[in-house]
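K.L.:
Structure provided below as structure tokens; questions to follow.
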Amino acid sequence: MAAAVSLTFPDGSKREFPAGATGRDVAESISKSLAKKAVAIVLDGVLLDIADPVSEGAIEIVTREDPRALELIRHDCAHVLAEAVQELWPGTQVTIGPVIENGFYYDFKRVHPDTREDWPFSPDELPVIEKRMREIIARNKPFAKEVWSREKARDVFAAKDEAFKVELVDAIPEGQDLRIYSQGEWFDLCRGPHMDATGRIGDAFKLRTVAGAYWRGDSTRPQLSRIYGTAWATKEQLDGYLHMLEEAEKRDHRKLGREMDLFHFQEEGPGVVFWHAKGWRMFQNLVSYMRRRLEGAYEEVNAPQILDKALWETSGHWGWYQENMFAVKSAYGFTHPDDEEADHRVFAIKPMNCPGHVQIFKHGLKSYRDLPIRLAEFGAVHRYEPSGALHGLMRVRGFTQDDAHIFCTEDQLEAEILTINDLMMSVYDDFGFDEVVVKLATRPEKRVGSDAMWDHAEDILRRALDRMAREDSRIKVGINEGEGTFYGPKFEYTLKDAIGRDWQVGTTQVDFNLPERFGAFYIGADSEKKQPVMVHRAICGSMERFLGILIENYAGHFPLWFAPVQVVAATITSDADAYALEVVEELRAAGLKVEPDLRNEKINYKVREHSLAKVPVILVCGKRESEERTVSMRRLGSQNQTSMTLDECVKALELEATPPDIARSRSQRRAR
């Protein structure tokens, strides 16, 4: 007789169950009502089917209301989508349908029955598919799991002309069994888990878009038709998400970039930004702000853009990161490969600033008394991204990092990390981000260095993380197990924007590897050579991406200090042209970015145009204002106008346009 199975429950209690007992049996032993609500179990941290037999370990019963069930809802929804498509268009081949952030997708190969040509799905067909999905859900067919041999699976899918499934089966090692999940008559190759029946999905789902996709992401393979959907536990959650998407579309930085005349992209330079005057002004404003925040604590340096690949071989990037790098050589050497006198050396355009900073640190002997040394660079870097992954400012091939590297002793490491955190939180606060999540990313499977080194580094970061959470209520903390870089653990900073989206921006990374690779050292108090600890630090990360985030966070309604054009002085009639120009000069003298609008257009037309361009302040100047030396101030998003004297206007706007770091510094000086 098989031994009983001992299970530990979340409250610490233990109970024994007969061998072969399932998750449902365990739920029923607790209460009938729990068994009705249960959709899955978690056994020793692994999510499993409710019908799976249990083994000794820690168990939790997962109901549909549990946040962990959301992945199951989306996974089940993907299977129902595939069934609906094949019911509506028999002969359509299914490929893969994973859960993704906020939803799911499924890739299909559909061929037109008459022409036998590819027949991609169109958005007009989504309501039809969605209707059939609701019918399938209403059938409430149970999900059932079977284990098939590789040979059986191959034969069955081949008989169904499911060529993509056959390829997936062939990729599975011989002798390894496969899981097949069915819902009624329909079945699919799947690792699972699933809930117990299609009816558990509910009605809080929606098909959103269609797109093209290559099989296995390979442009040489067949093109498929991808259907994206979203699914949630409740209708309220779905409605909230769809509202967020509507807001995100209005805030799309690419759309606002056109309307505000900030930047553009074009085919000759995929993934690199053509900054227009107003956009470049914003970019430089961000750089100037960051430079001020570093004054006194960092030394700004600049390392070369192009370096011999030998340096990148030493750093490890040529081996670890080569697929993301650009290599260059002389044009003549490229076009004349057989000319022995040509320069055939291969260089890399830097994808990162860190190796260059190590070279700067190594130049000249360093003592422990010199540490910490903090080197900062607004360094232009280039990284190869597939063209399909490029997305406005958010995903580019050429960008600028607000990069810094701190070289310190191990004793100084924790204090440096806490100081970096204080700076980061202050910067994020200045831009209006008051919800920040900091996660510690721990050692990955592939890594350099000893376990003792990683233990030491992770212990330091854990202590720092605990202290950060205690001392700053704005910070929420977490752990990303196995997500550290190959050379050390790191902190990842994630911001929540105005419509609830999360953006991972800043990082603090501990590196024991690169100084060793390059032989960097300092002379310790014992007159011996010591290897410094290197800390990689970025606050904005990519300046381009951070600007994209800011554009969408503010929906173009920037605070006055950061707006590319802060004020427009618009005339009602030509009688006020001279006065409007005087207003412009007064404000420019006070340091504001001002433009006149003297065109022979109606004032309402001018106001609408500048409102679309997101100008924060419009000063209306007419004959009366000219005679009284006043202005009528209109704020972006408001229908009201406020009349004030020109002097009052200049003083008020000068104060409001003061960057927060400068205003804070002035306030501190006055307080002393």
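The values are calculated or read from the model by the stated rules, or taken from the named source; none is laboratory data. Quick caveat, the model's predicted, so the values are computed rather than measured. Neighbour counts are summed over all protein chains in view; Cβ atoms, including those assigned to glycine, are modelled from backbone coordinates with ideal geometry. Protein only, heavy atoms only, side chains kept; ligands, DNA and RNA dropped before computing areas. Shrake-Rupley method; radii C 1.70, N 1.55, O 1.52, S 1.80 Å.
K.L.:
Extension gain Gln641-Glu65, at 0.36 nm per residue separation less the Cα-Cα distance, in nm?
P.N.:
202.3 nm
K.L.:
I'd like the orientation of helix 603-612 relative to the chain: the angle between its Cα long axis and the longest Cα principal axis, in ° from 0 to 90, rounded to 10.
P.N.:
Compared with the principal axis, the helix lies near 50 degrees.
K.L.:
A follow-up question, please. May I ask for the Kirkwood hydrodynamic radius of segment 437-516, worked out over all distinct Cα pairs and given in angstroms to one decimal?
P.N.:
Working: mean 1/r = 0.0757 Å⁻¹.
Taking the inverse mean of 1/r over all distinct Cα pairs, segment 437-516 comes out at 13.2 Å.
K.L.:
Next up: Could you work out the per residue convex hull volume over the alpha carbons of the chain, in cubic angstrom?
P.N.:
Value for the chain: 264 Å³ per residue.
K.L.:
Also, I was wondering about something else. Highest first, please rank the peptides 538-545, 414-421 by the mean number of other Cβ atoms sitting within 10 Å of their residues.
P.N.:
The peptides rank, most packed first, as 538-545, 414-421.
K.L.:
I would also like to ask the following. Apply 1/(1 + (r/R0)^6) to the Cβ-Cβ distance of Asp114 and Tyr214, taking R0 = 25 Å, and write down the FRET efficiency to the nearest 0.05.
P.N.:
With R0 = 25 Å, the Cβ-Cβ based efficiency is 0.50.
K.L.:
How far apart, in nm, are two points set 7 Å out from the Cα along the Cα-to-Cβ line at Glu654 and at Glu340?
P.N.:
7.3
K.L.:
Using θ = phi - 60° and the Karplus relation 6.51 cos²θ - 1.76 cosθ + 1.60, list the HN-Hα couplings for segment 519-531 in order, rounded to whole Hz, with x at every Gly or Pro.
P.N.:
Ordered by residue, 3J(HN,Hα) equals x, 6, 7, 10, 8, x, 5, 8, 6, 9, 6, 10, 8 Hz.
K.L.:
Hey, how many Å between the Cα centroid of segment 299-376 and the Cα centroid of segment 388-451?
P.N.:
One Cα centre to the other: 22 Å.
K.L.:
Further question: Quick one: if the Förster radius is 35 Å, what FRET efficiency do Lys476 and Lys37 give, using the C-beta to C-beta distance and rounding to 0.05?
P.N.:
Values: r = 29 Å, r/R0 = 0.83.
Efficiency, rounded to the nearest 0.05: 0.75.
K.L.:
For segment 107-204, what class follows from the C-alpha gyration tensor (a ≥ b ≥ c being the square roots of its eigenvalues): rounded when a/c is under 1.5, otherwise prolate if a/b is larger than b/c, else oblate?
P.N.:
oblate
K.L.:
Next question. Modelled label-to-label distance, Phe9 and Lys329, 7 Å Cα→beta-carbon offset: nm?
P.N.:
Here the modelled spin labels are 7.1 nm apart.
K.L.:
Additional query: Over the chain, give the accessible area per residue in Å² for a 1.4 Å probe, as an integer.
P.N.:
49
K.L.:
Within segment 309-456, what is the number of lysine pairs with alpha carbons under 25 Å apart, leaving out pairs fewer than eight places apart on the same chain?
P.N.:
Working: Lys309/Lys329; Lys309/Lys350; Lys309/Lys362; Lys309/Lys446; Lys329/Lys350; Lys350/Lys362; Lys350/Lys446.
Taking segment 309-456 as the scope, the lysine pair count is 7.
K.L.:
Would you mind computing, in nm to one decimal, how far apart the modelled labels at Arg369 and Met453 are, each placed 7 Å from Cα along Cα→Cβ?
P.N.:
3.0
K.L.:
My understanding is that a pair violates if its Cα-Cα distance is over 27 Å; which of Lys152/Lys206; Lys37/Lys206; Lys14/Lys235 do that in this structure?
P.N.:
In this structure, Lys152/Lys206; Lys14/Lys235 lie more than 27 Å apart at Cα.
K.L.:
Shifting gears a bit: Run the accessible area of segment 528-622 with a 1.4 Å probe and give the carbon-and-sulfur part as a rounded percent. Let's see the in-between values first.
P.N.:
Working: 1660 of 3390 Å².
Heavy-atom surface of segment 528-622 belonging to carbon and sulfur, 1.4 Å probe: 49 percent.
K.L.:
Could you sort 569-576, 255-262 so that the peptide with the highest average Cβ count within 10 Å comes first and the rest follow in order?
P.N.:
Going from most to least packed, we get 569-576, 255-262.
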